[in-house]
Amino acid sequence: MPVATLEEIQAALGTEIGISGWIEVGQERIDAFAEATEDRQFIHTDPAAAAQTPFGGTIAHGFLSLSLLSRMGADVMLVPETTKMAVNYGLDRVRFLAPVRAGKRVRGRFVLKDMKDKAPGQILMTFGVTVEIEGEDKPALLADWLGLIIT
């Protein structure tokens, strides 16, 4: 995660702070997620059956796309230079807007929406995240992601 001063982070409030690198969502990743979550619905794991649907092939689980926020956030989420630990605090809003077809690449676009003291030595940061699908106009998902910074 990029490190910055508190002043630099506060100056970034309301702005786009960065775009992550691309992550490929291949069938192997989808299959591994299906096994880990025991969600083996054919639309994710059976290319032949999924080809007969309006999607024309397998798609990633929405929660797989959401879980990639951790990797995306590591590229761009600003943290104060005094950070001892950063933890996932949750999500206020998630909307799955478009399917991620197997073999596509996704990336996250991050906006720092809010930053406030939660308790002494704790900063709660809210990031608006748009997960884009390479070559498509509609994003895979939108989310407000909360991170708790321990300083």
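Taking every alpha-carbon pair under 8 Å whose residues sit at least 6 apart, the chain reaches a relative contact order of 30 percent. Couplings 3J(HN,Hα) of the range 37-52, computed from phi: 9, 6, 9, 9, 4, 4, 4, 9, 10, 10, x, 5, 5, 5, 5, 8 Hz, in residue order, whole Hz [Karplus 6.51 cos²θ - 1.76 cosθ + 1.60, θ = phi - 60°; x for Gly and Pro].
Quote the FRET efficiency, to the nearest 0.05, computed for L91 versus R71 with a Förster distance R0 of 22 Å and r equal to the Cβ-Cβ distance. Intermediate results must be reported in sequence, preceding the final value.
On the way: r = 16 Å, r/R0 = 0.72.
After rounding, the FRET efficiency stands at 0.90.
Quote the FRET efficiency, to the nearest 0.05, computed for A119 versus A12 with a Förster distance R0 of 22 Å and r equal to the Cβ-Cβ distance.
Details: r = 23 Å, r/R0 = 1.02.
FRET efficiency, A119 to A12: 0.45.
Note on T5 and D46: the extension gain reaches 9.9 nm, defined as 0.36 nm multiplied by sequence separation minus the Cα-Cα distance. Counting every pair of alpha carbons in the range 76-151, the share spaced more than 19 Å apart comes to 42 percent. Lysine pair count for the chain (Cα-Cα distance under 29 Å; residues 8 or more apart in sequence or on different chains): 6. Figure legend: label point modelled 7 angstrom from the Cα of K84 along Cα→Cβ; residues of the range 107-129 with amide N under 19 Å from it are 116-125. Could you tell me the center-to-center distance, by alpha carbons, between the range 1-41 and the range 52-77 in angstrom? A separation of 9 Å, based on Cα centres.
Based on the inverse mean of 1/r over its pairs of different Cα atoms, what is the Kirkwood hydrodynamic radius of the chain, in Å? It would help to have the intermediate numbers written out before the result.
On the way: mean 1/r = 0.0612 Å⁻¹.
One decimal place: 16.3 Å for the Kirkwood radius.
Ordering A143, L78, L68 by Cα displacement along the dipole of the chain toward the positive end leaves A143 in first place; charges were set at the Cβ atoms of Lys, Arg (+1) and Asp, Glu (-1).
Here the simple spin-label model places points 7 Å from the Cα toward Cβ, and for D39 and I19 these points are separated by 2.7 nm.
Readers should treat all values here as calculations from the given coordinates under stated rules, not as data from a laboratory. Everything numeric here is computed off the predicted structure, so don't read it as measured data. Please note: Cβ atoms are built from the backbone with ideal geometry, for glycine as well, and neighbour counts cover all protein chains shown.
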